[in-house]
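Below is one structure, written out as structure tokens, with a few remarks after it.
The values are calculated or read from the model by the stated rules, or taken from the named source; none is laboratory data. If you're wondering where the values come from, they're calculated on a predicted model, not measured in any experiment. We place every Cβ from the backbone using ideal geometry, glycine too, and count neighbours over all the protein chains shown. These area figures cover heavy atoms from the full protein model, side chains too; ligands, DNA and RNA do not enter into them. Shrake-Rupley method; radii C 1.70, N 1.55, O 1.52, S 1.80 Å.
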Amino acid sequence: FKQVHSRDEHHGLIADLVADDQLSPSANHTALLRLPWTDVFTTNYDTLLEEAAEECGRRYSNVYNPSDLARARPPRIVKLHGSLPNRFPLIITEEDYRKYPRKRAPFVALARSSLAENALVLIGFSGDDPNFLSWTGWIRDHLGDSAPPIYFVTLDLPAPKRTLLEKRRIAPIDLSPIVPAN
């Protein structure tokens, strides 16, 4: 789509597909934000976390662009890939990922710093984001066994994916034995 249409058309399609104005946070969103996170990093374009933050009893700073970091204090909700309804550009194309380390260098620095200092819990995330793979590789290269843990919460994790995560020093937590099937 991006190869044939403009960036504005691309963003419009995503906005139509996500329908952020028709979504509401669940009790799970609010419960998660009540936990004592230092920062919450998200690649989602929707505003469910920001809305849940208003209900959770903790005050979060919202970070949509690297320039927002100068005024934002923890705990923060950091929108690594942009946000709807109008916080562009959205990070989605191969070219966006390629340019990310240069164009969003403060986010890269923040993520690396957080990975070096804090345990990371991944929820609702594939773990395949090119930036995430680069950052976790950087942490392994520089901190090795002394790096804080990374936990990957998932359902029905295939054995090859489990092995790959474990080789990357990411501890899978497969909830499928305790979560009822739909």
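Overview of results
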{"quantity": "Residue that is nearest to Leu120 (Cα to Cα) [pool: residues in the stretch 131-182 that are touching a helix residue (DSSP H, G or I) at 6+ places or on another chain (Cβ under 8 Å) and open to solvent by 70 Å² or more (accessible area, probe 1.4 Å)]", "calculated": "Arg169"}
{"quantity": "Residue identified as hydrophobic (A, V, I, L, M, F, W, C) and touching a strand residue (DSSP E or B) at 6+ places or on another chain (Cβ under 8 Å) among Leu49, Leu17, Leu13", "calculated": "Leu49"}
{"quantity": "Test: Gly82 is at positive phi and modelled with pLDDT under 90", "calculated": "no"}
{"quantity": "Single residue of the stretch 1-21 satisfying the filter (assigned to a loop (DSSP other than H, G, I, E, B) and not β-branched (Val, Ile, Thr)) that is surrounded by the most Cβ atoms within 10 Å (Cβ to Cβ)", "calculated": "Lys2"}
{"quantity": "The stretch 105-126, subset crowded, with 18+ Cβ neighbours inside 10 Å and closer than 20 Å to Tyr151 by Cα, residue nearest to the chain's Cα centre (by Cα)", "calculated": "Leu122"}
{"quantity": "Long-range neighbours under 7 Å by Cβ, at least six apart or interchain, first residue over 17 Å from Leu115 (Cβ atoms) within the stretch 163-182, second of a type in the set (Phe, Trp, Tyr) and open to solvent by less than 70 Å² (accessible area, probe 1.4 Å)", "calculated": "Pro172/Phe152; Ile173/Phe152"}
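Each row is one residue, and each column tells you yes or no for (1) in contact with a Lys or Arg (Cβ under 8 Å, 6 or more places away or on another chain); (2) within 13 Å of Gly82 (Cα to Cα); (3) among the polar types (S, T, N, Q); (4) at pLDDT below 90.
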residue	(1), (2), (3), (4)
Ala15	no, yes, no, yes
Ala19	no, no, no, yes
Leu33	yes, no, no, no
Asn62	yes, yes, yes, no
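Here's the yes/no breakdown for (1) under 14 Å from the mean Cα position of the chain (by Cα); (2) in contact (Cβ under 8 Å) with a residue 40 or more places away in the chain; (3) over 25 Å from Asp128 (Cβ atoms):
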| position | (1), (2), (3) |
| --- | --- |
| Leu23 | no, no, no |
| Pro36 | no, no, yes |
| Cys56 | no, no, yes |
| Pro66 | no, yes, no |
| Leu90 | yes, yes, no |
